[in-house]
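Undergrad: Structure provided below as structure tokens; questions to follow.
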Amino acid sequence: MEDLTRTRTSADPGRVPGRLAGRRIVVTGAASGIGRTTARLFTQEGARVALFDRDAGGLQRTLEATAGVTFQVDITDEDAVQAAVDEAAAAMGGIDGVVNAAGIMTKGLAADVRAADWRRVLEVNLTGTYIVSRCCVPYLLEAESATIVNIASAQGLLPNAPGHTAYAASKGGVVNLTRALAAELAPKVRVNSICPGMVDTPMADGYRANVGNYALKRVADPSEIAEAILFLTSSQASYVTGAALAVDGGRSYH
């Protein structure tokens, strides 16, 4: 009998590379997880990537697989982000894509999560996404077929478990920030969000067994999320903007 709990570990061998040839893309959260996997995939597809993260060691490991340019930066620091964006644009000859993959999670019931922890989650997940997007907008508006893809969460579509109030609120904010930016920046820039369910990254530690309400009964491999980000960044999604794409193994409708 087929093991429904297994995860996919490699991309589709039949995929034709080159969908991002010549693109210049900022990827935040690039030191690990979805950000790192996306940066590697984008490089394979012909893009130049600027890697943003606070983790210098993780950035170096991602750099070895991407040959991009790295920026150790806190995405909540507006001045630092602006400087990094300007330097990235100079290094790559412009910016025509952004992937906002940086994010954190605070676990705890609403009665136990202090306001300082709540603010930090919103500051990174929502305000950080806004800051990076805002700093990149002037470059995106000068480019052809520019895109922003924000990593929200299935929790932002349907909060259905205790202990994630701050995270769900921040990611719900990302979904609506995406829609607002899509309306504001059209038709020059397409802006979409990805809403993953459980993904096999360090953020899922302690939760990997909680997939009973997922139709596919397993966590996602980061490559599966990266492929969805690639779709929304590529010309294959040329008529898609303002979307919140659930890539969650069927969690949202259960």
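Undergrad: Out of 132, 85, 113, I need the residue that is among the β-branched types (Val, Ile, Thr), in contact (Cβ under 8 Å) with a residue 40 or more places away in the chain, on the phi < 0 side of the Ramachandran plot and touching a Cys at 6+ places or on another chain (Cβ under 7 Å). Which one? So that I can check it myself, show each step before the final result.
TA: Numbers: 132 fails: touching a Cys at 6+ places or on another chain (Cβ under 7 Å); 113 fails: touching a Cys at 6+ places or on another chain (Cβ under 7 Å).
Only one candidate qualifies: 85.
Undergrad: Do you know which residues across segment 145-160 are β-branched (Val, Ile, Thr) and either within 15 Å of residue 102 (Cβ to Cβ) or free of Cβ contacts under 8 Å to residues at least 40 places away in the same chain (or both)?
TA: Passing the criteria: 148, 149, 151.
Undergrad: Please count how many residues of segment 76-113 are farther than 24 Å from residue 227 by Cα, modelled with pLDDT of 95 or more and assigned to a loop (DSSP other than H, G, I, E, B).
TA: 3
Undergrad: Quick one: which residue in 221, 248 is modelled with pLDDT under 95, crowded, with 23+ Cβ neighbours inside 10 Å and not hydroxyl-bearing (Ser, Thr, Tyr)? Working first, answer last.
TA: On the way: 221 fails: crowded, with 23+ Cβ neighbours inside 10 Å.
On inspection, the qualifying residue turns out to be 248.
Undergrad: What are the residues in segment 56-73 that are small (Gly, Ala, Ser) and either surrounded by 13 or more Cβ atoms within 10 Å (Cβ to Cβ) or part of a strand (DSSP E or B) (or both), if any? Reasoning before the result, please.
TA: In the first step, residues of segment 56-73 are kept if they are small (Gly, Ala, Ser); the result is 56-58, 65, 67-68.
Of everything in segment 56-73, those that are small (Gly, Ala, Ser) and either surrounded by 13 or more Cβ atoms within 10 Å (Cβ to Cβ) or part of a strand (DSSP E or B) (or both) turn out to be 58, 65, 68.
Undergrad: So which residues in segment 85-109 are surrounded by 24 or more Cβ atoms within 10 Å (Cβ to Cβ) and more than 18 Å from residue 143 (Cβ to Cβ)?
TA: Within segment 85-109, 101, 102, 103 meet the criteria.
Undergrad: Quick one: which of 152, 143, 186 is under 19 Å from the mean Cα position of the chain (by Cα) and either surrounded by 23 or more Cβ atoms within 10 Å (Cβ to Cβ) or at pLDDT 95 or above (or both)?
TA: Values: 143 fails: under 19 Å from the mean Cα position of the chain (by Cα); 186 fails: under 19 Å from the mean Cα position of the chain (by Cα).
Checking each option against the conditions leaves just 152.
Residues checked against (1) touching a Lys or Arg at 6+ places or on another chain (Cβ under 8 Å); (2) farther than 25 Å from residue 182 by Cβ:
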position	(1), (2)
57	no, yes
60	no, yes
64	no, yes
68	yes, yes
94	yes, no
98	no, no
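Undergrad: Looking only at segment 133-162, how many residues end up being hydrophobic (A, V, I, L, M, F, W, C), assigned to a strand (DSSP E or B) and over 15 Å from residue 197 (Cα atoms)?
TA: To start, the set of residues in segment 133-162 that are hydrophobic (A, V, I, L, M, F, W, C) comprises 135-137, 140-141, 143, 146, 148-149, 151-152, 154, 157-158, 161.
Cutting the leftovers down to assigned to a strand (DSSP E or B) gives us 146, 148-149, 151.
Then drop every residue that is not over 15 Å from residue 197 (Cα atoms), which leaves 146, 148-149.
Number satisfying all stated conditions: 3.
Undergrad: While we're on this one: Applying the selection to segment 230-245, what residues are surrounded by 18 or more Cβ atoms within 10 Å (Cβ to Cβ), out of contact with any strand residue (DSSP E or B) (no Cβ under 8 Å at 6 or more places or on another chain) and among the small types (Gly, Ala, Ser)?
TA: Selection gives 234 alone.
The values are calculated or read from the model by the stated rules, or taken from the named source; none is laboratory data. Keep in mind it's a predicted model, so treat the numbers as computed, not measured. So basically every Cβ, Gly included, is an ideal-geometry build from the backbone, and we count neighbours across all protein chains shown.
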